[in-house]
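Since the structure comes first, as structure tokens, the remarks are kept for the end.
The values are calculated or read from the model by the stated rules, or taken from the named source; none is laboratory data. In this text, all values refer to a predicted model and were calculated from it rather than measured experimentally. Note that we place each Cβ from the backbone using ideal geometry, even for glycine, and neighbour counts take in every protein chain shown. Side chains included, ligands, DNA and RNA excluded: accessible areas come from the protein's heavy atoms. Shrake-Rupley method; radii C 1.70, N 1.55, O 1.52, S 1.80 Å.
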Amino acid sequence: MRNVCYFSTAVLLFSTVLFSCKVSVPPAPLQAEEAIEKSDTTVVLEVEPKVEPKIYRGERTLRFKLSHTKLDVRFDWKKQHVLGNATLTLEPYFYAQSHVLLDAKGFKIDEITRVSGDSIQALQYDYDGKMIDIDLERKYLRGQKLNLNIKYTARPNEINDADSVTNDRKGLYFINPSGSESGKPQQIWTQGETNSNSRWFPTIDAPNQKTTQEIYITVQDRFKTLSNGTLVFSKSNLDSTRTDYWKMDQPHAPYLIMLAVGDFTVVEDEWQGKKVDYYVEPAYRKYAKAIFGNTPEMMGFFSELLNYPYPWDKYSQIVVRDFVSGAMENTTASVFMEDLLVNSRELIDYNWDDIIAHELFHHWFGDLVTCESWSNLPLNESFASYGEYLWKSHKYGKNEASYFLYDELDSYLSEAEYKKEDLIRFYYDGSEDMFDNHSYAKGGLVLHLLRNQVGDEAFFKSLEYYLKNHAYGKAEIHELRLAFEHIAGEDLNWFFNQWFLSAGHPNLHIGEEYDSESQKLIIKVRQDQDLDISPIYQLPLSVDIWENDQKAQYNIEINKPYQEFEFESKRKPELVMVDSDYLLLGEKIHEKSMNQFQFQYQHYPENIRARLESIEYFKDHPTDSISKIMAGEALDDSFRVIREDALQFFEADTTGLFFDHEKQIKSMATNDSNPLVKATAISVLATKNLKKYVDVYKANLYDSSYFVAGQALYAYLQSGEEDTEVVLKHFSTEVNFNIASSIADYYVQHHDHSQYSWFKDKLAHYSGSDLWYFIKLFGMYLLTAPEGQVKDGIATLESIAMSHYQFYNRYSSYQSLELLSDVEGVTGILEKIKENENDPRVLESID
């Protein structure tokens, strides 16, 4: 799943992946005063390190096997209740059993019976609000099936679960239940990972169970429904409702059971005769295939790569409102956050292939083969993250895929500054703690290392073997290792021990020494990681030695605290590149001269990691003459990110170098093929001489890219042209965040207090990272607003801080209220918010 929320010693920020099941978040406009930085799915709040708990989190003991789940549900929208009838088929796992323990959080239990043919017998039970202990009145032996029927009312909104790390684990959510929220549809959807499905139906809520299922969903006839498996039939009822019957014959884990209800348009697609459907709000019908249209190609690509065809009978993807995560890989029916409701113009700037690929790859790794416990979560999430890389490499090429790995490493290393954990870890506070950049980013990078260790053929053959041997079952990390050892024929304990079962990462200090008399090059490598938590690593690395403009590549293995490697070289090399393939999952310090970084940039035209490393060095040494030359050269780089980095060099330059490249940068602001590069070029022009380039801004106001148009609008409004008010009026109804945030910045800077209603309308429209940033702008607007607006604005911020479903937007509202702490009553409101908040991510940042 993608809903990556992790913490660091930085302010709140976003990445391309929100975890729970990871989600991509588009970047904020370039003019943002408090930038939302890009780093996988990621919100970052400052926290203090935790003391490791002493509770062992192993696999849940299997007393019963849950083989089938049959549900019949309808909904009380007013009370936000689920009226349910569940029939569970179970049998003892091994030992004889006389009691059944079922997870059922916050239920009102009406009746529990044992059903055997026509015989129905009421059973006695104890219920503590979390688990039902059912007395079977006799022992059941292995192989003897038991059918239990539970009639119940689930009340997900009335749960106070201290065991949950966050307050957004209701399991089932009513969206706009009264229909009173303008512009927001009425919906119901579920989110079961990790153990929240037992808040709307009774089950054994553990990932090591596998169940087939049937669900009868009764709704008002105007709504559509979605669940796992196949829609067998729909039946109209006399009370203007309809019952849809969904059936799933292949077993999967209980947390993957889902349903969704709402006014959706279903856009049909297919892959090899299997239905592939996209559920979107009616207004986005014409964009559904543009958003999700690569799905059939992904299904074919992954099926062929794994030599294991997509294993389920259909695949649906649905976009819902107010989703608590980025996305969720419910078997055959993935759920996505509303950020994916985009139009064709927004798709020019970014697509959502990463998150779509992530959830689809889970249908092999996570759904088909499921981690036996949340301690083994990387068996799900590391693979899904690596699935993003595999798709990107296939569809968008080597450069984009390489940059993805660069970004993943940066995400992990940022988290590792304050948190270093084993990938497979058995000690954590709550299962949600596992959904971090260790399980996602680092885990995907470890799989990439494993692929390079055994080779492509063995890697994918091992995955095929693993999938086929554990299909529709569960697995732990050692079973993955055994699959690789079986195929590759080599011991891999050392690899799994250092990467999956140890914390931290290698930290290499690299030096080089050339002896002209002996014509020997000595490379010195020291492992400097904290050995109290990390091992001495065994690291196969490549070394490139450049002599007379010719490259010789060697392979070395680092496996000691300190090592020296000797190479023959007739002259001092122009450049030595340790880890020239950029496979190191860690940090390295290798001092190089300016000339060597210049050489590196110019001699690795196919290696964007080498060029990115060089351009970052040039940016850190802006006054050096070589840096200036290379920044100009990088403006012509074939890769978009390097051109953008080069532009940022010129934006920060204070020596007048910009004017040597002014013509080219102006051309990039008009003609570059990449929207973000083009927008960055506009920002550079505006920084250097705001009024001089008004013609460029104006020409880009109607660019097809919102990134470009938003940046152009920001610059144009700042330039103070005579028609500013006309331009403002023209764009004021635009809801796209890039446009609206530029206008909001203008209103804030010019203290235009006639725009209060405009701010309120936009606040009501946005969610996610857009809302996070807009709350900041709203708080700054209120700093100079009239008393009446301030009073109403404080009430608005208080409402968001008290009740918004996204924790980081509650925190953002709290921060904006802090700006207004001098206003009477705000201090009390801040205390009230702290008392109301139960999410530790927010509380630890507030404190």
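A few notes on this one:
Yes or no, residue by residue, for (1) crowded, with 21+ Cβ neighbours inside 10 Å; (2) within 30 Å of Asn559 (Cβ to Cβ); (3) at pLDDT 95 or above:
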position: Glu591; (1), (2), (3): no, yes, yes
position: Phe599; (1), (2), (3): no, yes, yes
position: Phe618; (1), (2), (3): yes, no, yes
position: Ile629; (1), (2), (3): no, no, yes
position: Glu633; (1), (2), (3): no, no, yes
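- Residues in segment 403-459 that are touching a strand residue (DSSP E or B) at 6+ places or on another chain (Cβ under 9 Å) and not hydrophobic (A, V, I, L, M, F, W, C) were compared, and the one that is most open to solvent (accessible area, probe 1.4 Å) is Asn452.
- Per-region count, segment 761-787, residues hydroxyl-bearing (Ser, Thr, Tyr) and at pLDDT 95 or above: 3
- Phe301 fulfils the conditions (1) surrounded by 23 or more Cβ atoms within 10 Å (Cβ to Cβ); (2) at pLDDT 95 or above except for a single criterion, (1).
- Residue tally, condition farther than 13 Å from Val708 by Cα, assigned to a loop (DSSP other than H, G, I, E, B) and within 31 Å of the chain's Cα centre (by Cα), over segment 636-685: 3
- Residues within segment 283-294 that are surrounded by 22 or more Cβ atoms within 10 Å (Cβ to Cβ) and of a type in the set (S, T, N, Q), tallied: 0
- Residue in segment 816-826 that is open to solvent by 50 Å² or more (accessible area, probe 1.4 Å), outside any helix (DSSP H, G or I), modelled with pLDDT of 95 or more and acidic (Asp, Glu) present: yes
- Output for segment 78-91, where each listed residue is in a loop (DSSP other than H, G, I, E, B) and surrounded by 16 or more Cβ atoms within 10 Å (Cβ to Cβ): Gln80
- Residues in segment 314-365 that are open to solvent by 10 Å² or more (accessible area, probe 1.4 Å), among the charged types (D, E, K, R), on the phi < 0 side of the Ramachandran plot and in a loop (DSSP other than H, G, I, E, B): 2 in all.
- Here Asp491, Asp581 are screened, and the one residue that is within 21 Å of Tyr412 (Cβ to Cβ), in a loop (DSSP other than H, G, I, E, B) and open to solvent by 80 Å² or more (accessible area, probe 1.4 Å) is Asp581.
- Any hit, segment 467-476, residues being surrounded by fewer than 18 Cβ atoms within 10 Å (Cβ to Cβ), under 28 Å from Thr212 (Cα atoms), at pLDDT 95 or above and among the aromatic types (Phe, Trp, Tyr): yes
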